[in-house]
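What follows is one structure encoded as structure tokens, with my remarks underneath.
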Amino acid sequence: MALREDTALERLVPCIRRIDLSETDIAIVLQPQSLIEDVGLADVLQEETVIRSSLALKRHGQELRLILGGCETGNAPDETIVKMLARAYRWKTDWCADPENELKTILGREFADTTTSHRTIKLAFLAPDIVEAFMDGTAPIEINAETLKRLSTLPVDWENQRKLFRMSHKTVTTA
């Protein structure tokens with residue numbers, strides 16, 4: 001029978017002797033005696049155990065995130081960026097479908113702020129691998145919706161876009 005997550009955590013808390021935090025790593029020092037006694041193995045392991053991981057603090061908009069183990073991706077897409085990309089692609093599609101339609105008319109349908117909407121539509125011209133990184137949550141964690149909104153210019157060249165966002169080129173495969 002599997003333990004519920006909160007029950008398992010409650011059982012582990014007495015084993016934590018201390019947590020050491022420095023600028024570069026975190027160490028959780030465990031004294032497993034109480035857990036061992038709970039399962040009837042009191043004489044098997046009596047030494048403390050240390051779990052150590054590197055860490056970094058990264059700014060993500062107004063948040064400060066703790067990044068463990070050198071993993072610099074959020075692992076989940078930023079929903080605000082996903083919505084911005086969807087809006088940009090929708091506007092681009094509408095614009096291309098009817099070239100007679102002025103871009104400001106299309107952007108004005110959603111009562112969008114002119115500056116923000118012009119910066120948003122530029123996202124429809126991002127390199128495919130950059131879009132994919134935003135969609136699958138592998139983009140650098142320090143790039144967020146506010147960062148994208150503040151971009152006054154976006155390079156047309158995809159390689160320069162990658163440099164701007166500090167992303168390396170990865171091949172996008174299609175089925």
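The values are calculated or read from the model by the stated rules, or taken from the named source; none is laboratory data. On a predicted model such as this, the values are computed, not experimentally measured, just so you know. Don't worry about glycine lacking a Cβ; one is built from the backbone with ideal geometry, like all the others, and counts go over all protein chains shown.
Meeting the requirement of 1 or more residues that are free of Cβ contacts under 8 Å to residues at least 60 places away in the same chain and in contact with an Asp or Glu (Cβ under 6 Å, 6 or more places away or on another chain), the helices (runs of 4 or more DSSP H) wholly within the stretch 76-141 are 103-108. Could you please find all residues in the stretch 142-156 being touching a helix residue (DSSP H, G or I) at 6+ places or on another chain (Cβ under 7 Å) and part of a helix (DSSP H, G or I)? Hits for the stretch 142-156 are A145, L148, K149. Filtering the stretch 75-91 to residues that are crowded, with 17+ Cβ neighbours inside 10 Å and touching a Phe, Trp or Tyr at 6+ places or on another chain (Cβ under 8 Å) leaves D78, I81, L85.
Out of A27, A42, one residue alone is modelled with pLDDT of 80 or more, among the small types (G, A, S) and not assigned by TED's automatic domain parsing to the domain that holds P128. It is A27.
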